[in-house]
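Peer 1: First, the structure itself, so that you have it in front of you.
The values are calculated or read from the model by the stated rules, or taken from the named source; none is laboratory data. As the structure is a prediction and not an experimental result, all values here were calculated from the model. Don't worry about glycine lacking a Cβ; one is built from the backbone with ideal geometry, like all the others, and counts go over all protein chains shown. To get the accessible areas, we keep the full protein, side chains included, count just its heavy atoms, and leave off ligands, DNA and RNA. Shrake-Rupley method; radii C 1.70, N 1.55, O 1.52, S 1.80 Å.
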Amino acid sequence: MPALPWLDENLWFPHPDSALKDPNGLLCVGGDLHPARLRLAYENGIFPWFSDDQPILWWSPDPRCIIRYEDLHISRSMRRFLRNSGLTYSFDQNFSQVVRSCAAPRSYSNETWITPDMLQAYSYLHQIGVAHSIEVWRESELVGGLYGLAIGRCFFGESMFSRETNASKAAFITLVRQLHAWGYRLIDCQVPNPHLLSLGACQISRKEFLSILEIEVRADFSHPWKMTIDPTGC
């Protein structure tokens, strides 16, 4: 494997096109999780993904997995679920618990890439209005949700969790619909998985993705995220 650039205290990244030619596009190593560096990364199609025993690893996949509202697929059974489940939804009501739930061990693995440093960094981004969460509730119990970053007219999804069947799907669908209502252009899903593809996510080239970001992340665009929403609209 060729040597990767190591980031120093200066605020910079190599161009994403220099990422390794593997599916996930490892780009560089090191640096920190300072809010300014994280924002610069996402604005340029780069995100951190590493384990507790690794240095910070930065990635820019090619192709990139995204979803647009017009491609969102909601099956008939899922529409019935959204109407009849009795679940309720909110934004930014319990960001830290959503991230901690995303970091919890899964049935298939005890490992997590959401390290304590990641939790601290994204919690600060939430405090300054960049990172946001959607929560799914069964009465007063948090049963699903996801979190990510909103920059310009783009939302960069990070992770989701579910404690009930379909709860994470319901969170994702509700988020896509609400972002569309607010005027967002796309959701970055980073890398594909069957769960996302079944909901209408697709893959585009890194070049196309970066050309979208060049315009959309610079939009002067914000909304009052802290809210509850009507679960019957789907």
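Peer 1: I'd like the residue in segment 197-234 that is under 24 Å from Arg138 (Cα atoms) and touching a helix residue (DSSP H, G or I) at 6+ places or on another chain (Cβ under 8 Å) and, out of all such residues, is most open to solvent (accessible area, probe 1.4 Å).
Peer 2: Thr232
Peer 1: Here's a check for you: in segment 86-105, which residue that is out of contact with any Ser or Thr (no Cβ under 6 Å at 6 or more places or on another chain) and at pLDDT below 95 is most open to solvent (accessible area, probe 1.4 Å)?
Peer 2: Here the answer is Pro105.
Peer 1: If I filter segment 42-64 for residues that are over 19 Å from Ile151 (Cα atoms), among the small types (Gly, Ala, Ser) and at pLDDT 95 or above, do I get at least one hit?
Peer 2: No, segment 42-64 contains no residue that is over 19 Å from Ile151 (Cα atoms), among the small types (Gly, Ala, Ser) and at pLDDT 95 or above.
Peer 1: Filter segment 29-65 for residues that are in a loop (DSSP other than H, G, I, E, B) and open to solvent by 30 Å² or more (accessible area, probe 1.4 Å) and give the result.
Peer 2: Gly31, Asp32, His34, Asn44, Trp49, Ser51, Asp52, Asp53, Gln54, Pro55, Asp62, Pro63, listed by residue number.
Peer 1: Restricting to segment 9-28, give me the number of residues that are farther than 17 Å from Gln190 by Cβ and either at pLDDT 95 or above or open to solvent by less than 50 Å² (accessible area, probe 1.4 Å) (or both).
Peer 2: Looking only at that region, the number is 7.
Peer 1: Collect the residues in segment 147-170 that are of a type in the set (S, T, N, Q) and more than 12 Å from the chain's Cα centre (by Cα), keeping them in residue-number order.
Peer 2: Within segment 147-170, Ser162, Thr165, Asn166, Ser168 qualify.
Peer 1: Report whether or not Ile187 is open to solvent by less than 50 Å² (accessible area, probe 1.4 Å), touching a residue at least 24 places away in the same chain (Cβ under 8 Å), among the aliphatic types (A, V, I, L, M) and over 30 Å from Pro105 (Cβ atoms). It would help to see each step written out before you state the result.
Peer 2: Values: open to solvent by less than 50 Å² (accessible area, probe 1.4 Å): yes; touching a residue at least 24 places away in the same chain (Cβ under 8 Å): yes; among the aliphatic types (A, V, I, L, M): yes; over 30 Å from Pro105 (Cβ atoms): no.
No, not satisfied.
Peer 1: Scan segment 124-145 for residues that are in contact (Cβ under 8 Å) with a residue 12 or more places away in the chain, open to solvent by 30 Å² or more (accessible area, probe 1.4 Å) and of a type in the set (Ser, Thr, Tyr) and jot them down.
Peer 2: Within segment 124-145, just Tyr124 meets the criteria.
Peer 1: Do you know which residues across segment 69-80 are part of a loop (DSSP other than H, G, I, E, B) and buried (at least 16 other Cβ atoms within 10 Å of the Cβ)?
Peer 2: Passing the criteria: Leu72, Ile74.
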